[in-house]
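Below is one structure, written out as structure tokens; comments come after it.
The values are calculated or read from the model by the stated rules, or taken from the named source; none is laboratory data. Model, not experiment: these values are computed from the prediction. Here the Cβ positions follow ideal geometry from the backbone for every residue, glycine too, while neighbour counts run over all protein chains shown. The area values use the complete protein model at the heavy-atom level, side chains included, leaving out ligands, DNA and RNA. Shrake-Rupley method; radii C 1.70, N 1.55, O 1.52, S 1.80 Å.
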Amino acid sequence: MRPMFQPRLVNGPFGDPGLFVDLLFERRALLFDLGDIAALPPRKLLRTSHVFVSHTHMDHFVGFDRLLRVCLGRERPLTFYGPEGFIEQVGHKLAAFTWNLVENYPADLSITAHEVSSGGRLRRAQFNSRDRFARRDGAETRLRDGLLLKEPAFEVRCTVLDHKTPCLAFAVQEAVHVNVWRNRL
């Protein structure tokens, strides 16, 4: 059984943190931390569906602007997960730009930001380009066993750590699957 995950460090072991996980057969990818992501070509960034940010020190979050710039105008939404205070920080990043021409883009980019509190709560807010990225808060839910995302092919869990700032550690688990290579049968 070949793993579905195709992980690759964006900047090597000594550069800004970033792990690009291409999902084989799904035409999408996950991104863990958003350090300097200039090494990722736009075609790879456009595959990104979910981004998991451990904390918002500059070396873990500076790539947000590049990802946003590449993804403006695409139809597929972007979903972010981060620690306590993350929604406000995403909102500030979006508010730092002037959006008076965003209606010229062909599609409405939807960004959903989730934040995990140390008390095990998951808050959510949505930002849409057609609304000039105005914040709309969603319902708060209780996190069960740290489960952030559960899909048929994999799940992502987190736990809160202390890094002198709220910080998350992530675990990705691939579901059991069987690969059938028709051309080899």
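Only one of (1) in a strand (DSSP E or B); (2) open to solvent by less than 50 Å² (accessible area, probe 1.4 Å) fails for Arg8. Which number is that?
Among (1) in a strand (DSSP E or B); (2) open to solvent by less than 50 Å² (accessible area, probe 1.4 Å), Arg8 violates only (2).
Find the strands (runs of 3 or more DSSP E) located wholly in the stretch 128-171 whose residues include 2 or more that are over 18 Å from Ser49 (Cα atoms) and touching a strand residue (DSSP E or B) at 6+ places or on another chain (Cβ under 6 Å), and list them.
135-137, 154-162
Keeping to the stretch 28-74, report how many residues are more than 25 Å from Val116 (Cα to Cα) and within 13 Å of the chain's Cα centre (by Cα).
Of the residues in that region, 1 qualify.
Is it true that Val102 is touching a Ser or Thr at 6+ places or on another chain (Cβ under 8 Å), without any contact (Cβ under 8 Å) to a residue 60 or more places away in the chain and not charged (D, E, K, R)?
So Val102 passes the test.
Name the residues in the stretch 120-147 that are of a type in the set (Gly, Ala, Ser) and touching a Lys or Arg at 6+ places or on another chain (Cβ under 9 Å), would you?
Answer for the stretch 120-147, where residues must be of a type in the set (Gly, Ala, Ser) and touching a Lys or Arg at 6+ places or on another chain (Cβ under 9 Å): Gly120, Ala125, Gly138, Ala139, Gly146.
Which members of the stretch 136-181 meet the condition of being within 23 Å of Leu34 (Cβ to Cβ) and open to solvent by 100 Å² or more (accessible area, probe 1.4 Å)?
Answer for the stretch 136-181, where residues must be within 23 Å of Leu34 (Cβ to Cβ) and open to solvent by 100 Å² or more (accessible area, probe 1.4 Å): Arg136, Asp137, Lys150, Asp162, Lys164, Gln173.
Of everything in the stretch 117-127 that's assigned to a strand (DSSP E or B) and of a type outside the set (S, T, N, Q), which residue is surrounded by the most Cβ atoms within 10 Å (Cβ to Cβ)?
Out of the qualifying residues, it is Phe127.
Given the criterion among the charged types (D, E, K, R) and touching a Lys or Arg at 6+ places or on another chain (Cβ under 7 Å), identify the matching residue among Arg74, Arg27, Arg8.
On inspection, the qualifying residue turns out to be Arg27.
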